[in-house]
Each structure stands twice: as C-alpha cells, then as structure tokens.
Amino acid sequence: AQSVTQPDIHITVSEGASLELRCNYSYGATPYLFWYVQSPGQGLQLLLKYFSGDTLVQGIKGFEAEFKRSQSSFNLRKPSVHWSDAAEYFCAVAGLSGGYNKLIFGAGTRLAVHP
Amino acid sequence: DVKVTQSSRYLVKRTGEKVFLECVQDMDHENMFWYRQDPGLGLRLIYFSYDVKMKEKGDIPEGYSVSREKKERFSLILESASTNQTSMYLCASTSPGGSRDQPQHFGDGTRLSIL
C-alpha cells in the first residue's frame, strides 16, 4: 500500500540553525514526491517536487530535498532557518487509485523556531 | 497566479444541520479534491472529482457528499452534521489532465465547528 511517514511530529530549532525534516515513503513504482508548507491559518503551499533526474531538488524559500531510493526517503533541508519558517510541513507522494491521480500525505511535522 | 477560493474561513453549525462548503478555482482545472485535516493525521481525502458531474470516493467519504455542476466549483456537503466532523477542510485542484507530476493547489481552508 502507498504511504508516507514523517517520524517527527514536532521539531524545535534555533533561528539560524540548520534543519532537516524526515520523510519516508512506500510506493511500488517510481515515486512522485512533494513537500508542502502550511503557515498558521493558511492552506498548503508547494515547496518543491521530485519526479526524476537530479536527486537533489531546490525549492522556494531556500529549501532543498534529497531523494534516496535505497532508503525510500525524501528529506527536506534548509541550511539556516528563519523565524518565518515556523509552520507545519507535509510530505506527500502522488499515487494512482483506480486510474486517478491522488496525493497521499504524511501526518506532518510542526516546526517551531526559537529566536 | 493560481487561485483556489473557499467561501468561508470559519463556520459554526449545529448537530443535524445540512452544511455546504464551497470551493471555486479559476484555472480551468479538471481535477478537484476535498480533504479534511486533523492534528496528527495529516490530510485525508474525502472525495474528488475529475470532471463536471463526476465524482469518486476518497478514503473517508462516510457522512459526506459532493456536487460538481460547473467545472470551476466543487461543493462538499455534510448531510447531517455531527460533532466528529469538526475539522479543517481543504479544497485543492490540479491542472488539466491531472497527471502525477502536477502539484495540487490549495485553498486557505474552512475551519468548521459542529456544536
């Protein structure tokens, strides 16, 4: 079955520190992977996506993610966190169900940033 | 820019009421989705629609129905609201064709409370 696991429910980092949010997926074919961010009271905004090619993908707001097929992982990173990065982050895999495109989401990781 | 608009940001209804949540997109997208978001559970798909008057059940359709009379509008209906339907509801759409590499675009969500 297709699934996404985000092992960390909450993460707290200091402003300026580096960040890595973990994501593991289970999908039988080539995965199409996404990271979304949700600021308080807002909908989801796409940070980046991976389909093929270079396994290190760049996104908006200074984020990047690395696809590792051997580990079934797609971890999100940022070298220096800003206070405005405090939000909830969702990893998702695009799957097919009954021939239709669907997104399967992880449970999310809530990021807090200390000044 | 892509725009998905949900008619209400906050809604309070009573148990047993029939509730309508409206979503409009301005991108001529074929595929539209309704999710509910609960803490620790991420986003769960309720229903989706791949064309006018067409609909498919998602993972948690019980207690909900949908309507898609026009391409740009996708309505979620709670036939008889119950307290366990108190949640954040998110609408999303994807570009024509809905292929797996196209990201979903989200509205800002409706926070629904059933008293």
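The values are calculated or read from the model by the stated rules, or taken from the named source; none is laboratory data. Computed from a predicted structure; not experimentally measured. Here the Cβ positions follow ideal geometry from the backbone for every residue, glycine too, while neighbour counts run over all protein chains shown. These area figures cover heavy atoms from the full protein model, side chains too; ligands, DNA and RNA do not enter into them. Shrake-Rupley method; radii C 1.70, N 1.55, O 1.52, S 1.80 Å.
Across peptide A:36-45, the mean count of Cβ atoms from other chains lying within 10 Å of each residue's own Cβ comes to 5. Placing R0 at 22 angstrom, the Cβ-Cβ distance between B:SER113 and B:ASP51 gives a FRET efficiency of 0.10 after rounding to 0.05. Computed from point charges on the beta carbon alone (+1 for Lys and Arg, -1 for Asp and Glu), the dipole magnitude for chain B about its Cα centre is near 320 Debye. Shielding of peptide B:63-74 by partners, expressed as the average count of other chain Cβ atoms within 10 Å per residue Cβ, is 0.
The share of C-alpha pairs in the protein assembly as shown whose separation exceeds 26 Å stands at 37 percent. Farthest towards the positive end of the charge dipole of the protein assembly as shown, among the residues B:SER80, A:PHE34, A:HIS10, is the Cα of B:SER80, using unit charges on the Cβ of Lys, Arg, Asp and Glu.
Remark: accessible area buried at the B-A interface is about 2000 Å², both chains counted, probe radius 1.4 Å.
With a cut-off of 12 Å between beta carbons, the residues surrounding B:SER93 carry a summed charge of 0, where Lys and Arg count +1 and Asp and Glu -1.
Just checking the listed ones, A:PHE90, A:PHE63, A:PHE51: in the Gaussian network model of chain A with Cα springs under 10 Å, the one fluctuating most is A:PHE51. Surface composition of the range A:7-115: carbon plus sulfur atoms contribute 49% of the solvent-accessible area (1.4 Å probe, protein chains only, all chains present).
Listed by chain and number, the lysines whose C-alpha is less than 29 Å from the C-alpha of B:LYS57, apart from same-chain residues fewer than 8 away, are A:LYS49, A:LYS102, B:LYS3, B:LYS13, B:LYS18, B:LYS70, B:LYS71. The residues of chain B expose, per residue, 47 Å² of accessible area to a 1.4 Å probe. For the residues of A:104-110, the average number of beta carbons from a partner chain within 10 Å of their own beta carbon is 4.
Within the range B:51-90, the percentage of alpha carbon pairs spaced more than 14 angstrom apart rounds to 51%. Got a sec? Which residues in the range B:18-40 would a label at B:SER67 touch, if it sits 7 Å along Cα→Cβ and we count backbone N under 13 Å? The answer is B:18-23, whose backbone nitrogens lie closer than 13 Å to the label point. Taking the average, over residues, of other Cβ atoms within 10 Å as the packing measure, peptides B:11-17, A:27-33 rank A:27-33, B:11-17 from highest down. Quick one: among A:GLU64, A:GLU20, A:GLU88, which has the greatest mean-square fluctuation in a GNM of chain A with alpha-carbon springs under 10 angstrom? Between A:GLU64, A:GLU20, A:GLU88, it is A:GLU20 that shows the largest mean-square fluctuation. From the Kirkwood radius over Cα pairs of the range A:3-114, Stokes-Einstein at 25 °C and 0.890 mPa s returns a whole-number translational diffusion coefficient of 173 µm²/s.
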